[in-house]
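Have a look at the structure below before the remarks.
The values are calculated or read from the model by the stated rules, or taken from the named source; none is laboratory data. In this text the structure is predicted, and so the values were computed from the model without any measurement. Note that each Cβ is placed from the backbone with ideal geometry, even for glycine, and that neighbours are counted across all protein chains shown. Heads up: the accessible areas ignore ligands, DNA and RNA and are worked out on the full protein's heavy atoms, side chains in. Shrake-Rupley method; radii C 1.70, N 1.55, O 1.52, S 1.80 Å.
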Number of protein chains: 4
Amino acid sequence: MTDRRKSFGSDNHAGAHPDVLRALSVATEGDATSYGDDPVTRQTAARLRELAGAAEAYFVFNGTGANVFGLSLMLRPFQAVVCPESSHLYEDECGAAERIIGSKLLTVATPDGKLTPELIASRLGDRGDEHRAQPHAVAIAQITEFGTCYSLDELDAISGFCRDQGLLLFIDGARLANAAAHLDCGIADIAVHADVLTFGGTKNGAIVAEAVLVMNPALVAEAPFQRKQLMQLASKMRFVAAQFAALLDGELWLRNARHANAMASRLAAAVGAVPGIELAQPVQGNAVFAILDSKQAARLQETWNFGFYGGQPGGRSLVRWMAAFDTGPADVDAFAADIAAAASAGPAG
Amino acid sequence: MTDRRKSFGSDNHAGAHPDVLRALSVATEGDATSYGDDPVTRQTAARLRELAGAAEAYFVFNGTGANVFGLSLMLRPFQAVVCPESSHLYEDECGAAERIIGSKLLTVATPDGKLTPELIASRLGDRGDEHRAQPHAVAIAQITEFGTCYSLDELDAISGFCRDQGLLLFIDGARLANAAAHLDCGIADIAVHADVLTFGGTKNGAIVAEAVLVMNPALVAEAPFQRKQLMQLASKMRFVAAQFAALLDGELWLRNARHANAMASRLAAAVGAVPGIELAQPVQGNAVFAILDSKQAARLQETWNFGFYGGQPGGRSLVRWMAAFDTGPADVDAFAADIAAAASAGPAG
Amino acid sequence: MTDRRKSFGSDNHAGAHPDVLRALSVATEGDATSYGDDPVTRQTAARLRELAGAAEAYFVFNGTGANVFGLSLMLRPFQAVVCPESSHLYEDECGAAERIIGSKLLTVATPDGKLTPELIASRLGDRGDEHRAQPHAVAIAQITEFGTCYSLDELDAISGFCRDQGLLLFIDGARLANAAAHLDCGIADIAVHADVLTFGGTKNGAIVAEAVLVMNPALVAEAPFQRKQLMQLASKMRFVAAQFAALLDGELWLRNARHANAMASRLAAAVGAVPGIELAQPVQGNAVFAILDSKQAARLQETWNFGFYGGQPGGRSLVRWMAAFDTGPADVDAFAADIAAAASAGPAG
Amino acid sequence: MTDRRKSFGSDNHAGAHPDVLRALSVATEGDATSYGDDPVTRQTAARLRELAGAAEAYFVFNGTGANVFGLSLMLRPFQAVVCPESSHLYEDECGAAERIIGSKLLTVATPDGKLTPELIASRLGDRGDEHRAQPHAVAIAQITEFGTCYSLDELDAISGFCRDQGLLLFIDGARLANAAAHLDCGIADIAVHADVLTFGGTKNGAIVAEAVLVMNPALVAEAPFQRKQLMQLASKMRFVAAQFAALLDGELWLRNARHANAMASRLAAAVGAVPGIELAQPVQGNAVFAILDSKQAARLQETWNFGFYGGQPGGRSLVRWMAAFDTGPADVDAFAADIAAAASAGPAG
């Protein structure tokens, strides 16, 4: 990434929102008790609790830490979590959950990264059998790793099913803001379905900040100890909390997410009708998943940064194009033009 | 800490050094590949490798993460680490090492927080006995949790003993800069004794940044995976690396440490001769450990922030007074004056 | 199982072979140093080493202990093991491997419980990517959980592939004797392909005895400590070893396995041509997997003990019929007659 | 141990009681459902529940397995267990508890292997502090590793203190029978104080059999899964249960324990007055701890098997002489005579 073209590779390729950096400069003033016993942390946690209707809010460092810490509140080592095969938790965290919690992850193949009660039910056959890890939680991502977003009705169906089945529900909200923006709802409208969820700050404009929101009051007591033991307790906590304070001010988190989503939609609209380009998933957040000729994709990658997600029949490839809070319309339009040009050039190039 | 008195409670009560914040503002420009594959991270890691003579350098989030990640490169679960009873690793990390690595910590009581070959040898009796956890590493802190600093000769004796015994040496360098400042030596002069060591950025003026320096090349191969699985890999890594870049520029790390050390010495000099105040440890870094009347200490704590480290005979208490990079001479003098006043007021207050 | 009909439910429904019990009565004479430092253990381990060409042999308590102990010698927590979806290790051990070793199990769907180089290769895409658990071992069962047996050529292909790919090979030999009997080869002919394998005693006529054979000398050093820490070291070890001594005497292990295999073949031959009964897998050991009408199967289960392995299209069920070392021809014939009768009675019963 | 002298090295040097072997020969008759769903297991578990007043009883393989399984029902990884420095759990299990449960063991030095409320209280200072592992259970051994036995009053004081402090109580009963014999009380009189305790069969005359008795009904639900995941579930469980059935018949466990205790007392009486021999602990079970000249001890070890427990001032050694269920009076008398002879021979030999 030595040139100036905007990356569509990931929303974590973006820098920080200026307000986040400004908040650090404010937070640095004076001394503060460490490990979260400071006014910035207390106030920001209170704001998050209020925003989500949460019993408690904890700041941690990164998404893997947030996922493992959140799930650690729900699971004993002999208990398992049902999750999509494509979940970040299962695929992209180097086996952290298995190592740290000791639990088995029971995966389900999905066409769009979304679980349903039926798919969850397909992994519940062994409950009560001591030879089998016991499903005790369900983990979904909102929005999903495929850029799709559960509707509130879909969340309602899942959380109702979990309640009926005695399962706890965890939501990986690395892109929770994008989901709220897409659904045009509050964080609380999503959070209410979960026992624990995460709220991603980093991809939304922060530098190093994720929050874990504990909705189920019964899960609060263990949380401070689990966070510390799982190496997620910052000493100068105010600097993590302050990032969230900036995102909460004036609903910056929502503005950032709306903007990123709009840029993804703009891109999808621009390329969706280009012959040879096929949108692989509905665009319900800040990701565009598309299928195009593999050689065209490779040529495009010489100029633009984006991710390859596997081969498809007919010499084609699945790719992901991500928009961030700082992706501009001109970035999108330039990228879309190059995509269209590549597609029209034909496979032979 | 609502008033304006400087905290002597911990060096992590301080805010950030302005250069660190400035570095974040620079680092945010443009996109960067995530997870450390960016120029800031690569260059800063290279500078750390050069500074320490290290095989590799890794950025992580906090001291507990650094300690556990560093030790994870050295230990299998049936192997144990010999460490002082007072070590942060044993006392203050909520059992993270035991849980995450699975290893037993074989503690040794020390008068000053420092191990010696003789003390280490006292825990090696069970090698080869399958019923006992097998000592395989030694963990020391430089400077120690008691503010004492191993001389280079002492480090040489320990590392030589470890080499002879087939033990790996880990150094918790949360305050490594203070040690180098005290010894007036380079980081490499300390690092050369270790197989793995940490280099603390947060207490030295950063906001969320620690480094793990792997000296032993045989321990590098596993490190990227261990860091990720142990939830210590930042997505927007450039913002962690940039903090260290700022500390390295113009040897800011060293200037910060020298200053903090000087402030601790100033405090010790000012109160060391006060009747009723006894320095409990030599001041060899930025910490002053003192013993004074418990009631006087409690009264002093009403105005000043500092830590209580346990009762002593005769109604006295052990306390810790820490200086930070931003502690001023006037802060020290005001505090020293209040200490002297409290001491002269007598126990009855 | 209050009546006298022989169970076809599992080979662990059988009692002990009389020679095994006799061996216990011999082993009990006099005192013996505990934890394996006794003549019976030493001699029996030596015999196992010779039989398999192993670097070392260890006795443990049960199959799950043998599998986890064996794999613990091969894997760091960030490393994964590729195994069939149907493996006992993955399905039937309550997540022991994940909890105890911390590793991810990368499963592959198979039609017959057998991996191939191609199937293994399908899970190796992420090597070198720090976000993914790193495949480092392959685990197969010989014979498999579906009663199928790898030919020596198939083993050769797998072990060659593993060697080329830098993967270690683990063989779950809970029914290793049945495999050797089926292939008419020595234990060593199978063992030579593995880095570590288990040799099941319990299903072969013992009461509580499994062995772990370490073929790869580089994996021996950690083994005594791992066995102890994994709670698999017997204090009165001679009583575990003596069971294996009995199985080794006069190749009882082979005679037992040949007999059990022959009984399974006899059953398959008797029912294979019955209309409505379909053999689901080739019979290559002591298991018969069959598909029959679900109502017939349920009715048969009222009288005979056997296991249900899932529904099939058309109101049919997959079932497993296991023969043991003490299954008699008359048992098989009576069972086969009842199966045929049930099948001819028709679904309506 | 090639000669015929009775070992005083450990009660696990003994073979099996004949009744235990006979019970195996009975248990082998006919088929039985595996994994404990058989009449022998059900009935024997019921007898143990009745004997101890337990909510549930589980059979496992060995003492380390029993301890770790029992404690796993009580502890989350951030919770710690207070135990004597001399406990088998801490000293002799290769760090199994730390690895498997993830918990820290908070040790207390004791003169006699026994905790008291005061000693326990000394490790409770950090409750509520997220930086410290949280004491949540207390583990004692009855009888202790020093051969001492808690009186019922002492147990009452400890269990009352634990109840008041919200701590769970675990009792390692590897030699529980010897305690009941010494106290002349029932198993239930001891068990009532515990939340979970173990009942050792192996040292009492079995070959491979320990029981875990769960007294606290709230801890039962997780137990079957923990036992399986911790690799302690026998497939041919009837053979483990049958050993306990034999020990329960006619109170064989009590007769064995009384005999072993009597033999230890006989030995202590015979050597206690020998000049140069000092009893280091009161004899309250089947162990005699004595201090004698190191050279005399070494010479004695050429003929007799016993354990060395560390050097003492003045060229003397602490040794342990254990009696077993099958130690005869003549064995004791011959050993005592040799001890006296060695002592009178003087250090020069």
| task | With a 1.4 Å probe and every protein chain left in place, tell me how much accessible area C:His259 has, in Å² to the nearest 10. | result | 60 Å²
| said: If amide hydrogens are placed 1.01 Å from N in the peptide plane, which non-local residues have theirs closer than 5 Å to the one on D:Leu169? | reply: D:Val138, D:Asp195, D:Val196
| DSSP bridge pairs, chain D: antiparallel proportion in percent, nearest 5 | 60 percent
| So how much accessible surface do C and A hide from each other in total, probe 1.4 Å, in square angstrom to the nearest 100? | 1700 Å²
| message | Can you sort B:Val20, C:Val192 by solvent-accessible area, 1.4 Å probe, largest first? | response | C:Val192, B:Val20
| field | Cα centroid separation - the range B:5-75 against the range D:1-31, whole Å | value | 61 Å
| request: Any chance you could list P(r) for chain B, counting all Cα-Cα pairs in 20 angstrom bins from zero, rounded to whole %? | output: 31, 55, 14, 0
| note | With a 1.4 angstrom probe the carbon and sulfur portion of accessible area for the range B:214-283, in percent, totals 58 percent
| request: Might you work out the accessible area of A:Tyr35 for me, using a 1.4 Å probe with all protein chains in place, and round it to the nearest 10 Å²? | output: 50 Å²
| message | Give the average over all directions of the projected area of the C-alpha convex hull of the protein assembly as shown, one decimal, in nm². | response | 53.5 nm²
| remark: Out of A:Ala121, A:Gly166, A:Val271 - ranked by how far each Cα lies towards the positive end of the dipole of chain A, with unit charges on the beta-carbon of charged residues - the top one is A:Val271
| request: Take peptide B:44-51, look around each residue's Cβ out to 10 angstrom, count Cβ atoms belonging to other protein chains, and average those counts. | output: 0
| remark: antiparallel share of DSSP beta bridges within the protein assembly as shown, to nearest 5, in %, is 60 percent
| field | Cα-based convex hull volume of the range D:253-345 per residue, rounded to whole Å³ | value | 84 Å³
| field | Ellipticity estimate at 222 nm from DSSP helix runs (n ≥ 4, -39,500 (n - 2.57)) divided over chain D, nearest 500 | value | -12000 deg cm²/dmol
| request: Would you compute, for the Cα atoms of the range D:1-134, the largest minus smallest coordinate along each principal axis and list the three values in descending order, in whole Å? | output: 57, 43, 27
| Amide H neighbours of B:Cys94 under 5 Å, counting only residues 5+ apart in sequence or on other chains, H built in-plane at 1.01 Å? | D:Arg132, D:Ala133
| Accessible solvent surface per residue of chain B, calculated while the other protein chains remain in place, 1.4 angstrom probe, Å² | 32 Å²
| remark: By the C-alpha gyration tensor axes a ≥ b ≥ c (rounded if a/c is under 1.5, else prolate when a/b exceeds b/c, else oblate), the shape of the range C:144-278 is oblate
| remark: Partner shielding of D:31-38, as the mean number of partner chain Cβ atoms within 10 Å, equals 6
| Sequence-distant or interchain residues sharing an amide H contact under 5 Å with C:Glu56, placed H: which? | C:Val214
| remark: Net charge (Lys, Arg +1; Asp, Glu -1) of residues whose beta-carbon lies under 12 Å from that of D:Ala218, D:Ala218 excluded, is -3
| Which residue, A:Ile207, A:Ile100, A:Ile187, tops the fluctuation ranking in a GNM of chain A built on C-alpha contacts under 10 Å? | A:Ile100
| Rounded accessible area of D:Arg127 (nearest 10 Å², 1.4 Å probe) | 90 Å²
| query | Can you pull the mean other chain C-beta count within 10 Å for peptide C:61-71? | reply | 4
| request: Give, ordered by residue number, each residue of the range B:95-129 whose 1.4 Å probe accessible area is reduced by a minimum of 30 Å² on adding the remaining protein chains to the chain alone. | output: B:Glu98, B:Arg99, B:Ile100, B:Gly102, B:Lys104
| request: Find the centroid of the Cα atoms in the range A:281-319 and in the range D:140-160, then give the distance between the two in whole Å. | output: 69 Å
| query | What are the semi-axes of the equivalent ellipsoid of the range B:136-214, taken as the square roots of 5 times the eigenvalues of the Cα gyration tensor, listed largest first and rounded to whole Å? | reply | 21, 14, 10
| query | Over 31 Å between Cα atoms, which of B:Lys236/D:Lys104; C:Lys104/C:Lys236; B:Lys203/B:Lys228 qualify? | reply | B:Lys236/D:Lys104; C:Lys104/C:Lys236
| request: Step through the residues of the range D:290-295 one at a time and calculate ³J(HN,Hα) from phi using the Karplus curve (6.51 cos²θ - 1.76 cosθ + 1.60, θ = phi - 60°), rounding each to whole Hz and writing x for Gly and Pro. | output: 9, 10, 8, 4, 4, 6
| In the range B:69-119, what percent of the accessible surface is made up of carbon and sulfur (1.4 Å probe, ligands and nucleic acids excluded)? | 50 percent
| task | With only Lys, Arg, Asp and Glu charged, each at its Cβ (+1 for the first two, -1 for the last two), find how big the charge dipole of the protein assembly as shown is about the Cα centre; round to the nearest 20 debye. | result | 0 debye
| note | With x for Gly and Pro, the residue-by-residue ³J(HN,Hα) of the range B:208-225, computed from phi through the Karplus equation 6.51 cos²θ - 1.76 cosθ + 1.60 at θ = phi - 60° and given in whole Hz, is 8, 6, 10, 10, 10, 9, 9, 8, 7, x, 5, 9, 7, 4, 7, 4, x, 6
